[in-house]
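Before any comments, here is the structure.
The values are calculated or read from the model by the stated rules, or taken from the named source; none is laboratory data. All values reported here derive from a predicted model rather than from experimental measurement. Neighbour counts run over all protein chains shown; Cβ positions are idealised from the backbone, glycine included. In case anyone asks, the SASA skips ligands and DNA or RNA and just uses the protein heavy atoms, side chains included. Shrake-Rupley method; radii C 1.70, N 1.55, O 1.52, S 1.80 Å.
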Amino acid sequence: MTNNEHTIYILRMIKKLPLTETDRNFFTIVAEAAFINPFTKERLDLDKKIAGTKASSAWDELVEQVIATIRRRLQALKDSCRADLNSYNHDDRNLLRTAFLFDIFHNYRSSFDELILKQIKNGDTPIQVRFAHELITRISGLGFTTEESKRYLEIFFQMRRAFYFIENGLTGLSPSMQTLRSRLWDNIFTSNITWYEKHLWNRMEDFSTLLLGETGTGKGAAAAAIGHSGFIPFDERKGCFVESFTRSFIPINLSQYPESLLESELFGHKKGAFTGAIENHEGIFSRCSPYGSIFLDEIGDVSIPVQIKLLQVLQERTFSPVGSHEKIRFRGRVIAATNRPMDELRQKGEFRDDFYYRLCSDIIVVPPLRQRIHEEAKELESLTVRILQRMTGDASLPYVQLVQEAISNDLGGAYTWPGNVRELEQAIRRIIVTRHYHGDTSLSSDNMGEKLLTGIKEGTMDAQALLSGYCHSLYRRFGTYEEVARRINLDRRTVKKYISQANKE
């Protein structure tokens, strides 16, 4: 140590160095960005502040600018011998520590992504995390204990998994999809990730989730994003996480099973419990690990007796296999979904209020495709590109053009996609095979002519609904707002308004 360095060291021991006002302001913004939901506009605004730009740019480019800017500022502290966290008071030290953690997380971002892809390929056997020791050592160098550093490794991996499954499983440019992605992130980490990291990371079992939305909207993908993103501890001795996230999500479609077999599928049964029970059977509640989630799809279709038994599991956190008095502890999370209107089910007495209140720690509505297209003109194109990438491994321009032209020519712009994203996927397949798709006219809410006649006959439609329906029907036939406006002698903007109203119904 030189005399100058020794003098600086002594001075720091006597009096803590403050951050400059410029540095404090900058690292305060970094700290805010580190803890905020990455799918929100607030995070986007903070990223722009960090990067020092007001221009709109691709999200990936902005993130790289943010990372580079933070690293330059941290390096400047190191170059001036001001990077020792012990040299600062409590508040400044926490700001810098968060900035260093932010930098470490993004430094290992690609390593986490490779780990996710390798684990998906490897299946249910946990794989070695080659970079774990190095990462834990780097975090420990910031003054954290080994146990705290391991917790950050676990949280970092959980955050990266959540981002991967939300971003890739629920694509879309529309505001409603941006809101959905944000809601899913909060569902996993709560509205304040610092609370989660300190108090809730191992206490999420009582936070049940109810997903609502029409058939084919993507409720299963939303459930999978939650289920694959739970907290999983890291085993330092084995050098891997204690469980593969590929087995932490267990879905079951409740409508697939007759009631006589459903209880056995859920809770398991003992040999001889009923005719045909020739051996012990382990139900999904037994197979779910403490770090896993069970997805109860079509929850609106189950009978009251089954609802009562599921309610008991959620309240008592125990269950018994059919034919057994043994009490088995259930520690996983429950995610449920239905495409049926929940308010109507409850009003008719088909869905118990007490069961509903046990499921509704968070209620998330997955938007229909027609709403997404109405909000964002490029939504259909964006989805088409992503679906083709999944189908063919390459969203080549000829395929995209073929699909878009067929949809435009065969369906026009007002088709409401009653089967939602699931229908779009099959439409794309049919177009690839036949070059055409004429829609699902038998189920489509787009069959406006019949609705108009029924409404007029029964006197159940007011004038605005009639005009909206008529505009909608003409638009389906002629394909442009201008042609509809010309035929009914209204201006284009009014016609567009009425068609939009019809699309929302």
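Things to note:
Table: residues versus (1) out of contact with any helix residue (DSSP H, G or I) (no Cβ under 6 Å at 6 or more places or on another chain); (2) modelled with pLDDT of 95 or more.
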{"site": "Phe231", "(1), (2)": "no, yes"}
{"site": "Phe234", "(1), (2)": "no, yes"}
{"site": "Pro251", "(1), (2)": "yes, yes"}
{"site": "Ser255", "(1), (2)": "no, no"}
{"site": "Glu265", "(1), (2)": "yes, no"}
{"site": "Lys270", "(1), (2)": "yes, no"}
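- Test for Phe241: is it aromatic (Phe, Trp, Tyr) and under 15 Å from Ile155 (Cα atoms): yes
- Qualifying position, being touching a residue at least 24 places away in the same chain (Cβ under 8 Å), more than 18 Å from Thr40 (Cα to Cα) and polar (S, T, N, Q), among Asn187, Asn202: Asn202
- The single residue among Val403, Val433, Val385 that is out of contact with any strand residue (DSSP E or B) (no Cβ under 9 Å at 6 or more places or on another chain), open to solvent by 80 Å² or more (accessible area, probe 1.4 Å), without any contact (Cβ under 8 Å) to a residue 60 or more places away in the chain and not in a loop (DSSP other than H, G, I, E, B) turns out to be Val433.
- Within segment 361-375, restricting attention to residues that are open to solvent by less than 50 Å² (accessible area, probe 1.4 Å) and of a type in the set (D, E, K, R), the residue that is modelled with the lowest pLDDT is Arg370.
- Gly218 among the small types (Gly, Ala, Ser) and either touching a His at 6+ places or on another chain (Cβ under 6 Å) or crowded, with 22+ Cβ neighbours inside 10 Å (or both): yes
- Counted residues, segment 415-430 - those being touching a residue at least 60 places away in the same chain (Cβ under 8 Å) and within 17 Å of Glu381 (Cβ to Cβ): 4
- Selection status of Tyr88, within 26 Å of Asp60 (Cβ to Cβ) and not aliphatic (A, V, I, L, M): no
- Qualifying positions in segment 347-360 - within 26 Å of Gly218 (Cβ to Cβ) and open to solvent by 70 Å² or more (accessible area, probe 1.4 Å): Glu350, Tyr357, Arg358
- Residues (of a type in the set (Gly, Ala, Ser) and part of a loop (DSSP other than H, G, I, E, B)) located in segment 252-292: Gly268, Gly272, Ala273, Gly276, Ala277, Gly283, Ser289, Gly292
- Qualifying position, being under 16 Å from the mean Cα position of the chain (by Cα) and either without any contact (Cβ under 8 Å) to a residue 60 or more places away in the chain or on the phi > 0 side of the Ramachandran plot (or both), among Gly218, Gly239, Gly230: Gly218
- Filter pass, Tyr470 being of a type in the set (Ser, Thr, Tyr), open to solvent by 100 Å² or more (accessible area, probe 1.4 Å) and modelled with pLDDT of 80 or more: yes
- Looking only at segment 246-271, and only at residues there that are in contact with a Pro (Cβ under 9 Å, 6 or more places away or on another chain) and more than 14 Å from Phe285 (Cβ to Cβ), the one that is surrounded by the fewest Cβ atoms within 10 Å (Cβ to Cβ): Glu259
- Selection over segment 112-137 of residues that are surrounded by fewer than 17 Cβ atoms within 10 Å (Cβ to Cβ), part of a helix (DSSP H, G or I) and not hydrophobic (A, V, I, L, M, F, W, C) gives a count of 8.
- When Arg183 is tested against the conditions (1) open to solvent by less than 60 Å² (accessible area, probe 1.4 Å); (2) at pLDDT 95 or above; (3) not aromatic (Phe, Trp, Tyr), the lone failure is (1).
- Within segment 58-80, the set of residues being loosely packed, with under 13 Cβ neighbours inside 10 Å and among the hydroxyl-bearing types (Ser, Thr, Tyr) comprises just one member, Ser80.
- Close pairs (7 angstrom Cβ cut-off, 6 or more residues apart or separate chains): over 17 Å from Glu282 (Cβ atoms) in segment 307-325, part of a strand (DSSP E or B) and modelled with pLDDT under 95 anywhere: Arg317/Arg329
- For beta carbons closer than 6 Å, sequence separation of 6+ or different chains, a first residue in segment 4-32 that is modelled with pLDDT under 95 and a second that is assigned to a loop (DSSP other than H, G, I, E, B), the qualifying pairs are Lys16/Asn89.
- Residue in segment 164-174 that is among the aliphatic types (A, V, I, L, M), assigned to a loop (DSSP other than H, G, I, E, B) and open to solvent by less than 30 Å² (accessible area, probe 1.4 Å) present: yes
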